[in-house]
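Worksheet: the structure to be examined is printed underneath.
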């Protein structure tokens, strides 16, 4: 089916890791000694989402293998920094865990040809995990209201009655909570705060924002900085892309009447209910996520991360390079490679084609 701007998204991400790995194997088989050498050459850079960092490394490595005269760099400086650098013309593309705001779209994009605007397509979909480090506690149930109270500084002890009520039979220590948030402008933070505001609006009255709205707790720069702070702390809790959780314990969140762990399958179920943001250019595939799902198969605390570039570049040679690289990222082979490398939930063939068609029009 066609995804319209007023309709619901039938299925955006594939749920089967086995399929993704099989596709990755097919993609690797496509690189063979008889393949015609690439004529592409040049250097360009991107910046943004730290959640995309490892996937970008995998994509760059694969793309440069097939295009040895092309050099690509990606700075995982955070979604806000990436958007700022792209708008200013410092990089040719941005990765962002939140789509461009209306205020940002109204700006002039220095790398783009005069009078033209950017494209925006999803390229990385993943659950956001609530990670914690509490000695003696390996499993934890949390709902949105308790999470909001923890990260706003209202709940300060792990044995608080509100946490205990959700975790019958778990011995919670009389230990101070250190809630770790991103100190940089972060798309992961924007998705996390959007979830809290939509699901627990009485407890989290702040609107979704890339900059964390409270000074309580501890700030850390980037995904790796936040994960390190949780890992090296005591009584810590934070939020990060599931692929970065490592050996840390991961909480379940309440969906309807069930506590649900983050999984790629749960992310794909949640994204299937997303709607396309209305009133935007046809080359802008930005999605709104329904955070208030009650389906226990869904995990609504997710991020849909985007690849942002120019519809038409001021320098056509850069446009040619970005078109080729971005086209690879959203292709079935590129998505399978990302899934094999970091466990992202791949785009469906339908959405991959939509994104590919938008990218194919780059000049």
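Scanning the stretch 218-249 for residues that are at positive phi and crowded, with 21+ Cβ neighbours inside 10 Å gives a single hit, 222. Looking across the stretch 292-307, the residues that are modelled with pLDDT of 95 or more, farther than 14 Å from residue 129 by Cα and surrounded by 21 or more Cβ atoms within 10 Å (Cβ to Cβ) come down to 306, 307.
Listed conditions (1) surrounded by 18 or more Cβ atoms within 10 Å (Cβ to Cβ); (2) free of Cβ contacts under 8 Å to residues at least 40 places away in the same chain are all met by residue 271, apart from (2).
Tell me, please, whether a residue that is touching a residue at least 24 places away in the same chain (Cβ under 8 Å), more than 27 Å from residue 343 (Cα to Cα) and touching a helix residue (DSSP H, G or I) at 6+ places or on another chain (Cβ under 8 Å) can be found in the stretch 115-132.
Keep residues of the stretch 115-132 that are touching a residue at least 24 places away in the same chain (Cβ under 8 Å), which gives 116-132.
So of that shortlist, the ones also more than 27 Å from residue 343 (Cα to Cα) come out as 116-118.
Then drop every residue that is not touching a helix residue (DSSP H, G or I) at 6+ places or on another chain (Cβ under 8 Å), which leaves 117-118.
Scanning the stretch 115-132 turns up at least one residue that is touching a residue at least 24 places away in the same chain (Cβ under 8 Å), more than 27 Å from residue 343 (Cα to Cα) and touching a helix residue (DSSP H, G or I) at 6+ places or on another chain (Cβ under 8 Å).
Scanning the stretch 313-322 for residues that are surrounded by fewer than 18 Cβ atoms within 10 Å (Cβ to Cβ) and either outside any helix (DSSP H, G or I) or within 24 Å of the chain's Cα centre (by Cα) (or both) returns 314, 315. Within the stretch 154-200, the set of residues being assigned to a helix (DSSP H, G or I) and touching a residue at least 60 places away in the same chain (Cβ under 8 Å) comprises 166, 187, 188, 190, 191, 192, 194, 195, 198, 199. Restrict the check to the stretch 19-32 and report whether at least one residue is exposed (fewer than 13 other Cβ atoms within 10 Å of the Cβ), farther than 27 Å from residue 285 by Cα and at pLDDT 95 or above. Scanning the stretch 19-32, I find no residue that is exposed (fewer than 13 other Cβ atoms within 10 Å of the Cβ), farther than 27 Å from residue 285 by Cα and at pLDDT 95 or above, so the answer is no.
Using the structure shown, decide if residue 266 is without any contact (Cβ under 8 Å) to a residue 60 or more places away in the chain and either at positive phi or out of contact with any helix residue (DSSP H, G or I) (no Cβ under 9 Å at 6 or more places or on another chain) (or both).
No.
Taken together, 326, 333, 340 contain a single residue that is over 18 Å from the mean Cα position of the chain (by Cα), under 17 Å from residue 55 (Cβ atoms) and in the same structural domain as residue 108 (by TED's automatic domain parsing), which is 333.
The values are calculated or read from the model by the stated rules, or taken from the named source; none is laboratory data. Since this is a predicted model, take the numbers as computed values, not measurements. Here Cβ is always computed from backbone atoms with ideal geometry, including for glycine, and neighbour counts include all displayed protein chains.
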